[in-house]
1. Name every residue in segment A:914-946 that is more than 9 Å from RNA strand B (Cβ to nearest atom), open to solvent by 80 Å² or more (accessible area, probe 1.4 Å) and under 54 Å from the mean Cα position of the chain (by Cα), in order of residue number.
2. From the residues in segment A:745-761 that are open to solvent by 20 Å² or more (accessible area, probe 1.4 Å) and in contact (Cβ under 8 Å) with a residue 60 or more places away in the chain, which one is farthest from RNA strand B (Cβ to nearest atom)?
3. For segment A:350-367, name all the residues that are part of a helix (DSSP H, G or I) and away from RNA strand B (no atom under 12 Å from the Cβ).
4. Looking at A:Arg347 and the list (1) open to solvent by 50 Å² or more (accessible area, probe 1.4 Å); (2) within 14 Å of RNA strand B (Cβ to nearest atom); (3) in a loop (DSSP other than H, G, I, E, B), which single condition is not satisfied?
5. Residue check, A:Ala646 against (1) closer than 30 Å to A:Tyr333 by Cβ; (2) open to solvent by 10 Å² or more (accessible area, probe 1.4 Å), all met but one. Which one?
6. Please state which of the following conditions A:Glu836 fails to meet, knowing it meets all the rest: (1) among the acidic types (Asp, Glu); (2) open to solvent by 10 Å² or more (accessible area, probe 1.4 Å); (3) part of a helix (DSSP H, G or I).
7. Take segment A:611-623 and flag every residue that is surrounded by 13 or more Cβ atoms within 10 Å (Cβ to Cβ) and either among the polar types (S, T, N, Q) or more than 16 Å from A:Leu91 (Cα to Cα) (or both).
8. Within segment A:481-504, which residues are open to solvent by less than 30 Å² (accessible area, probe 1.4 Å) and in contact with a Lys or Arg (Cβ under 8 Å, 6 or more places away or on another chain)?
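The values are calculated or read from the model by the stated rules, or taken from the named source; none is laboratory data. Just so it is clear, the model here is predicted, and its values are computed rather than measured. FYI the Cβ positions are ideal-geometry reconstructions off the backbone, even for glycines, and counts take in every protein chain you see. Keep in mind that these areas ignore ligands, DNA and RNA; they rest on the heavy atoms of the full protein, side chains included. Shrake-Rupley method; radii C 1.70, N 1.55, O 1.52, S 1.80 Å.
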Amino acid sequence: MKSYDPKKIEKKWQAAWQKSGIYNANDKSHKPKFYSLIEFPYPSGDGLHVGHVRSNTAMDIISRKRRMEGHNVLYPIGWDAFGLPTENYALKTGKAPAVVTKENIATFRRQLQMLGFSFDWSREINTTDPNYYKWTQWIFLEFWKRGLAYKKKTFINWCPKDKIGLANEEVINGCCERCGTTVEKREKEQWMLAITKYANRLDRDLDTVDYLPEIKTQQRNWIGRSEGAEIEFAIKNSDLKITTFTTRADTLFGVTYIVLAPEHDLVTNVLEHTTNAAEIQKYINAAKKKTEIERTAADREKTGVELKGIRAINPANNEEVPVWIADYVLADYGTGAVMAVPAHDERDWEFATKYNLPITEVVVPNIIDKRNPPVAGKKTVERKNVHAIVRDPSTGKYLGLQWKNFDWLTFPMGGIEDGEDAATAAQREVLEETGFKNLKVIRVLAGQARAEYFAAHKDQNRVSYTTAVLLELVDHAQVPLSPEEKEKYDIVWLDSSKLNYEHMTHAEIGVWVEKISAKNPAYTGEGMLINSGTFTNTNSNEAKTAIAKKFGKIVTTYKLRDWVFSRQRYWGEPIPLIHCKKCGWQAVPEKDLPIILPPVKNYQPTDTGESPLAATTAAMKKWRTTKCPKCGGAATRETDTMPNWAGSSWYFLRYIDPRNKKTLADKKKLKTWQPVDWYNGGMEHTTLHLLYSRFWNKFLYDIGAAPTSEPYAKRTAHGLILAADGEKMSKSRGNVINPDQVVATYGADTLRLYEMFMGPFDQPVTWNTDGIIGPRRFLERVWRLQEKIYKKATDTVLESLVQKTIKKVSADIEAMQFNTAISAMMILVNSLEKAEKISAELYEILLQLLAPFAPHITEEIWHTLGHTKSIHLTPWPKTDETKIQKEEVTIIVQVDGKMRDSFQAMPTLGEQEAVKQAKNLASVQKWLLQKTVARIVYVPGRLVNIVTVS
RNA sequence: GCCGGGAUGGCGGAAUUGGUAGACGCACACGACUCAAAAUCGUGCGGAGCAAUCCAUGGGAGUUCGAUUCUCCCUCCCGGCACCA
């Protein structure tokens, strides 16, 4: 037997597969189709890294298994080659980006081929190929023709380092996604794509696809669907109106002021009617200068300026309220204006407290006392109550009353008398009921609580609105108590663990405890409406809809913003539009597509945000100068380019028909292959590429260019491979591991196997090669097993293990649990090694199971065994349940839940027999000495648990 | 702050979803082969203990005959969102 030499056999089989084209998809096959997709790589100068190997191998295993299962598989590959790193490299070296890209692709192609992935190389695509980006430009024009691409002067996120505008999705914590530089705001004219028009469908249609739940959640959070209401506030002495957006229409009667975003259009319109215009203007200017980070830092103190002289009218009660501007209100969410309800919104509370604005409570928590529920037929009395929560600072305990005639434990409490405030009432009650006379009011807990209960001592039902007052004992001085008060209760001191409904009578106690520790007293929960006109005494959830309908209209808003689509850099698809002074923006006629990216001398972006295509050189001027397609007059080309997300937003469609010159892809072929059956990629693309491409696909579907409304039926995500330092691999950190060396040392099959064995596929792993020798040894063992093959060997135990392994490996691949699949094959090999001889039949099944993981070695052995057809075209082994021998199993014997012994038996063993055998075991009897058996638990085929009386 | 995910030997990780905790692999130790080394093969390998046995899945409580698995509380780590009204 030759020794295992991956260097030789891997090259050999890669060439053979390439020649025979066994991995090429067939557009006309009658087999069921399977379209498996990986995120096509960006061919960076670093070359392929081990992270690519992990995700590509995973989908390669699945694709290979599907082929063996009789599917017509499309597993394509291409290059997402436009983008900043290449351009920056070109800037540094002076090499043209197109040249750099070509070189990088050559490296990537060599590396991917070296790893034996079963890609259909005949469909290779490249987003920087004019034959490809012709259709990217075409799609853009379709957007434009339908008004979904539009130019807008807007504040954009500007990265001062990369000198590029960024989409919201590319800003992470206020920093550039790529380079980490703090993003500035710049006002620029930008092309926008109206992704918000698709917000509803992008959200709703997640129900129709099989994505990992966390992917759906993240997309939903990003889209940020929010059901609420728009309510208009008229401006006094004016025709103007302020439209506010709220999700809490039920709190409308609690509005005490209105806040506009500083950028709100209305501010300019009313400025002349204000008495403090200069102050307002100053605030607006300051707000514009702030970066996103400065403005949205959550712990930042709120600021604002009143529009003095302007009053808004609450449509619910015709009350006049002041109007403010404040930068805690975002211009581009909702309507850019909010109705402030400080009693029930933490931000409004903070603002109102700072600027002394009134606070009106309109929702109170409503509790029905479970232990003392209202009794039917008794009369109901409304009361205003106070609870005095008195803390003794010397002990940290709280003052309570243990009632003598009832089983009650309460705080000092009582009704609030007319004209009396809560703090005074609380002190009065403490004095009357306990005699303590020196008290300090800490604070009145904001917000009342409503409770419904039966007051036994008065034989009546009560609806109480209670305010709690937090007090501290200054000293223990007491006045003598009246005899009748002494009769009623004993004074007790409660530590804080007693402040709950289990110990205390007050149904409100939970509310009080929460309020005592709350950082912000605004009550944001649901409850019963008070001070709300005809809506008083209705539940806040019901009132929400009713009030919204009566005083406004119900609307849905989204956090998602339109996509800033233009970039001022060179290495991207030119936006195919022409500007004519007379006719405005015009589309490049389809026959003139693609607009080819012209060669330039200087790729340097400018600080003014102009693309290199806008340079004043003669060559660039010449490129820009064109004719208006409408009037034939002089016109200029758009110089902005598209973001690097453009080409990847539809590439999965182009794979289906990559050389089509007439259309982006043939409709019939699209119908054959779409949707992608299984798309694996990184979580980091969830709110970028994955969302963008769903949007483009939906648009293409709407115009009849894509056959399905959703592009991907199933989406999974891999865990990142981190560098040895636990950081993300990146060139800037200099910690990228290139697979070339590993393949040279161990072979591609070993690397593939190792990466799938390292840990759970969906979790991140830290790269190290300490364990790689394990998978290599495993392959060596598989190789050497050839020597043990005998034609007539049979071993039912081994046969049954092989069948179990088929079952396990098949299921694990589907669940992407590759590590346990490999472990199962290792267990099988360990057993096969111990056998004297093994049958060719069993060995071949092992090879077939291993083939998707290690395609070269298995193909080599397969042919050595005398086969002439590729192992990768053989049918995937099926589990034969009849061969899973009815083996004896180990029955565990426990005494009182602790494992004491075990015995072998058939899994069908009956309870009586099992118990008998268990009790007969000497080691079990030892544990039963002087004990009485209370009961016995028998889990068939698993265990016997003898429980004794304790 | 909110929403996810997680914590198991020296290390990477298993555990049929409530039923022998530590599969499989790495590392390590000892042995065989060898002049020797590598490779390979065999044995051992959570901790304490001579042993019987006891302890042990981030910490604490609970449910259960039985908890890595379920419930509650706490600590720490990793992602995502973050003044979204």
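1. A:Pro940
2. Filtering segment A:745-761 for residues open to solvent by 20 Å² or more (accessible area, probe 1.4 Å) gives A:745-746, A:757-758, A:760.
After this cut, where a residue has to be in contact (Cβ under 8 Å) with a residue 60 or more places away in the chain as well, the list is A:746, A:757-758.
Working: A:Tyr746: 12, A:Phe757: 7, A:Met758: 5 Å.
Filtering first and then ranking leaves A:Tyr746.
3. Our first condition is that a residue be part of a helix (DSSP H, G or I); within segment A:350-367, this holds for A:350-354.
Hits for segment A:350-367 are A:Ala352, A:Thr353.
4. It fails just one condition, (3).
5. (2)
6. The single condition A:Glu836 does not satisfy is (3).
7. Narrowing segment A:611-623 to residues surrounded by 13 or more Cβ atoms within 10 Å (Cβ to Cβ): A:611-615, A:620, A:623.
Result: A:Ser611, A:Ala614, A:Met620, A:Trp623.
8. Result: A:Tyr489, A:Leu494, A:Met504.
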